[in-house]
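To start, the structure under review is shown below, and the notes come after it.
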Amino acid sequence: MNGATFLVKALEREGVDVVFGYPGGAIMPFYDALLEAEFRHILVRHEQAAALAADGYARVSGKVGVCIATSGPGATNLVTGLANAMLDSVPVVALTGQVPSVVMGTDAFQEVDVLGITLPIVKHSFLVKDIHDLPAVVHEAFRIAVTGRPGPVLIDLPKDIQNAEMPPNLVPRPDHMPVPAPPADSLQQAAALLAEARRPLVYAGGGVGMAGAVEPFREFLAVTGLPVVTTLKGLGNARPDNDLFLGMLGMHGAKAANYAVQECDLLVVVGARFDDRATGKLAEFAPKAKVIHMDIDAAELGKLRETQVPLRGGLIPSLRALSIPLDIDDWRLHCKAMAVEHAYDYAAPGKGIYAPRLLHRLSQAAGDKTIISCDVGQHQMWVAQHYRFHQPNHHLTSGGLGTMGYGLPAAMGACYAAPDHRVIAVSGDGSFMMNIQELATLKRYNIPVKILLLDNSCLGMVRQWQDLFFAGRKSQVDLSDNPDFTRVAEAFGIPSMQVRRAEEESDTVDALLQTEGPLLVHALIDPTENVWPLVPPGANNAQMMEGART
Amino acid sequence: MSFILQIRLKNIDGVLERVLGTIRYRGHQLLRLMAHPTPDGSSMDVTLKVDAGRGGTHLTRHLQKLFDVEAVECYSEVAHARYG
């Protein structure tokens with residue numbers, strides 16, 4: 001058995017059922033061994049899509065996503081996807097071919113120092129120099145990717161290592177590291193703070209879903225009766241019918257959520273990291289609040305905000321220990337009243353499609369087996385504001401890196417992770433063009449991704465900021481010469497339809513929910529529409545701007 | 001203001017780059033570096049002096065997350081001079 005064949009078998013032993021990749025010279029031995037693999041290989045049309053599809057697969061399945069590329073440009077094309085997984089703590093293992101060991105460091109054809117290039121954007125990385133190290137490296141890579149705070153791991157494989165003969169014995173799969181429990185005395189301090197607080201509030205992030213703590217989190221909310229806001233990645237943590245869920249906080253957060261944060265006297269932070277998009281002006285974020293912070297990652301505790309009680313460890317024991325009934329009826333009523341007072345209004349005077357209303361309608365009709373994969377821009381924020389998620393892993397979004405081009409490949413990965421779910425990619429005309437080549441992958445494998453393309457013929461979010469903060473001086477945001485997206489889709493063999501009028505919103509929802517196989521819905525929307533509310537740069541979260549809708 | 005870090009690392013490819021990159025990315029300036037392998041060559045002992053930046057605790061926690069880092073100790077410069 002050579003190294004490449006061993007690698008295929010090792011992936012099988014790790015429970016891999018699908019990988020996303022693109023072949024090339026330095027990874028050819030692996031692709032030869034792949035012909036005998038028991039798992040599927042999805043041939044994407046750009047390596048970035050392989051990494052992002054692996055990311056989407058991992059987020060939905062809770063398993064490690066695997067992507068593969070050759071050396072040089074293949075490896076560098078993975079970089080954005082790895083950084084995306086790093087910023088959003090997604091377990092991905094990337095396998096890259098490398099030139100043979102004897103020519104490494106000689107500027108050989110398609111040689112690049114991918115280990116060096118990716119050092120800051122992976123949780124860990126390996127360069128395999130000895131075939132005998134390969135079994136341990138593969139096991140360790142999968143263990144590191146999912147242990148503690150998840151993240152991407154890269155294995156760089158010189159071609160001679162893939163070809164080298166190795167002993168047939170496989171190393172037993174090691175158990176994953178246990179998750180530490182938070183200290184008992186810290187839990188007591190946290191319970192005391194909770195009991196004395198008059199206006200306590202939960203601020204929950206993506207850590208809840210990643211820790212497999214959604215149900216314990218919901219039980220914690222049910223027992224305590226705490227009002228809750230979430231980050232972008234935390235959407236879906238709370239039950240959709242929880243009337244104390246106030247929405248997303250932050251730059252494009254719900255008004256009730258942002259006001260509650262500014263008024264609360266205790267912030268219970270669950271698997272979140274005080275990201276600047278969530279906090280606004282940090283010095284004025286939750287100014288009256290003490291902080292209890294639960295997180296698996298010690299480096300997040302006290303990183304940006306002083307924490308009265310840090311609870312480092314698994315979320316589930318902390319949530320269970322702090323599930324205490326609280327006497328905060330006045331605060332609950334106040335929060336509910338704010339939610340009603342500041343609820344989104346879907347009336348719009350124009351005759352065209354109003355994207356927030358369309359997404360709201362989609363949310364109401366989609367049910368609990370629909371996954372939404374977003375690109376980046378205005379549409380991403382509209383989804384966050386107007387779609388109610390049943391589970392956090394039903395919402396795929398590039399939160400930390402903000403990767404335009406994420407939505408379509410991540411949706412492909414989601415389809416393989418949850419074939420019994422409907423997967424809808426919501427994109428904009430800027431983002432869609434960044435990985436439009438993956439329409440060919442949809443066609444090849446008949447991957448049933450529905451694409452809702454909200455086309456405003458510009459880079460809407462940048463245009464909005466130029467209007468608001470750069471005196472309306474528009475610079476390089478015009479995309480009015482976009483191709484005819486329906487004809488592009490048809491050329492790839494993907495059915496398509498175009499909508500533009502408000503009365504077509506209902507048909508659009510029906511098409512997204514009822515069509516078998518892949519579909520592109522090209523929705524033309526108002527280029528001047530903005531995302532509201534908006535916390536301007538340098539302001540605190542109570543200082544939200546709101547403009548007129550068209 | 002500065003502090004001293006004493007770190008034991010696995011002696012493998014890229015380990016020093018990883019540590020130095022973390023120090024730079026987390027906003028600290030490297031002031032002094034001394035590194036040598038342990039007698040059996042499997043590990044490397046590194047002593048670093050860095051400016052205070054956002055504080056030693058946060059940097060130490062980030063270094064502890066690196067899988068090639070076996071141990072990290074952080075001292076203020078005065079304490080290190082007294083006890084180191």
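Here are the numbers for this structure:
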{"read-out": "Per-selection Rg to Rh, chain A - Cα, Kirkwood hydrodynamic radius", "value": "0.98"}
{"read-out": "Residues whose placed amide H lies under 5 Å from that of A:Phe126, excluding near-sequence neighbours", "value": "A:Leu154, A:Ile155, A:Asp156"}
{"read-out": "Computed magnitude of the charge dipole of region A:151-283 (debye, nearest 20; Cβ of K, R +1, Cβ of D, E -1)", "value": "380 debye"}
{"read-out": "Rough spin-label spacing in nm, given labels placed 7 Å along Cα→Cβ, for B:Glu70 and A:Asp17", "value": "4.1 nm"}
{"read-out": "Phi-based couplings in Hz for region A:295-309 (Karplus 6.51, -1.76, 1.60; Gly and Pro marked x)", "value": "7, 6, 9, 4, 5, 7, 6, x, 5, 10, 9, 4, 10, 6, 10"}
{"read-out": "DSSP-defined beta bridges in the protein assembly as shown - what % are antiparallel, rounded to 5", "value": "30 percent"}
{"read-out": "Nearest-ten-degree value, helix B:56-65 long axis tilted from longest Cα axis of chain B", "value": "20 degrees"}
{"read-out": "Values of log10 I(q)/I(0), in the order q = 0.19 Å⁻¹, for region A:278-357 under a Debye, Cα-only, solvent-free model", "value": "-1.03"}
{"read-out": "Longest to shortest principal axis, alpha-carbon extents of region A:355-524, angstrom", "value": "48, 35, 35"}
{"read-out": "Overall Cα dimensions of region A:184-341 - principal axes, largest extent first, Å", "value": "40, 32, 28"}
{"read-out": "Highest average packing first - A:376-382, B:61-67, Cβ atoms within 10 Å", "value": "A:376-382, B:61-67"}
{"read-out": "Linear extension gain, A:Ala343 paired with A:Ser480, 0.36 nm per residue minus alpha-carbon span", "value": "46.0 nm"}
{"read-out": "Those GluC sites (Glu not before Pro) in region A:228-334 that DSSP places in a loop and that have at most 12 other beta carbons within 10 Å", "value": "A:Glu306"}
{"read-out": "Helical mean residue ellipticity (222 nm; -39500 (n - 2.57) per DSSP H run of 4+; nearest 500) of chain A", "value": "-10500 deg cm²/dmol"}
{"read-out": "Test item: Cα-centred dipole of region A:407-550, Lys/Arg +1 and Asp/Glu -1 on Cβ, debye", "value": "360 debye"}
{"read-out": "Interchain or long-range residues, amide H under 5 Å from A:Val291's placed H", "value": "A:Leu267, A:Gln308, A:Val309"}
{"read-out": "A versus B: buried accessible surface, summed, Å² (probe 1.4 Å, to nearest 100)", "value": "1200 Å²"}
{"read-out": "Candidates per trypsin sites (Lys or Arg not before Pro) in region A:460-550, loop by DSSP, up to 12 other Cβ within 10 Å", "value": "A:Arg473"}
{"read-out": "Computed E for B:Lys10/A:Gln188 - FRET, C-beta separation, R0 51 angstrom, nearest 0.05", "value": "0.85"}
{"read-out": "Inter-part distance where region A:7-30 and region A:91-161 are each reduced to a Cα centre, Å", "value": "13 Å"}
{"read-out": "Percent of Cα pairs exceeding the 18 Å cut-off, where the set is region A:375-474", "value": "49 percent"}
{"read-out": "q = 0.12 Å⁻¹, chain B: log10 I(q)/I(0) [Debye, one scatterer per Cα]", "value": "-0.31"}
{"read-out": "Of every Cα-Cα pair in region A:3-163, the percent that sits beyond 28 Å", "value": "8 percent"}
{"read-out": "Area accessible to solvent at A:Arg199, 1.4 Å probe radius, in Å²", "value": "80 Å²"}
{"read-out": "Percent accessible area from carbon and sulfur atoms, region A:250-369, protein chains only, probe 1.4 Å", "value": "52 percent"}
{"read-out": "Of the GluC sites (Glu not before Pro) in region A:473-532, those whose Cβ has at most 14 other Cβ within 10 Å and which sit in DSSP loop", "value": "A:Glu516"}
{"read-out": "Mean Cα-pair separation over length for chain A, i.e. relative contact order, pairs under 8 Å, 6 or more apart, %", "value": "14 percent"}
{"read-out": "For region A:375-438 versus region A:179-232, the gap between their alpha-carbon centres in whole angstrom", "value": "28 Å"}
{"read-out": "Size of electric dipole in the protein assembly as shown: Cβ of Lys, Arg +1 and of Asp, Glu -1, about Cα centre, debye, nearest 20", "value": "1000 debye"}
{"read-out": "Interface residues, region A:297-314 - accessible area loss of 40 Å² or more versus chain alone, probe 1.4 Å", "value": "A:Ala299, A:Lys303"}
{"read-out": "The protein assembly as shown, accessible area per residue, ligands and nucleic acids excluded (1.4 Å, Å²)", "value": "40 Å²"}
{"read-out": "√(5λ) per eigenvalue of the Cα gyration tensor, region A:229-309, largest first, Å", "value": "19, 15, 12"}
{"read-out": "Residues whose placed amide H lies under 5 Å from that of B:Leu31, excluding near-sequence neighbours", "value": "B:Lys49, B:Val50, B:Asp51"}
{"read-out": "Listing of region B:11-32 residues, each with accessible area lower by at least 20 Å² in the full protein assembly than in the chain alone (probe 1.4 Å)", "value": "B:Asp13, B:Glu17, B:Arg18"}
{"read-out": "Selected from A:Leu304, A:Leu119, A:Val531, residue furthest toward positive end of dipole (the protein assembly as shown; charges at beta carbon)", "value": "A:Leu304"}
{"read-out": "Surface accessible to a 1.4 Å probe, A:Tyr416 within the full protein complex, Å²", "value": "50 Å²"}
{"read-out": "Heavy-atom accessible area ranking, 1.4 Å probe, most first, across A:Met412, A:Met86", "value": "A:Met86, A:Met412"}
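The values are calculated or read from the model by the stated rules, or taken from the named source; none is laboratory data. As the structure is a prediction and not an experimental result, all values here were calculated from the model. No Cβ is skipped: glycine too gets one built from the backbone with ideal geometry, and neighbour counts run over all protein chains shown. These accessible areas exclude ligands, DNA and RNA; they are computed on the full protein's heavy atoms, side chains included. Shrake-Rupley method; radii C 1.70, N 1.55, O 1.52, S 1.80 Å.
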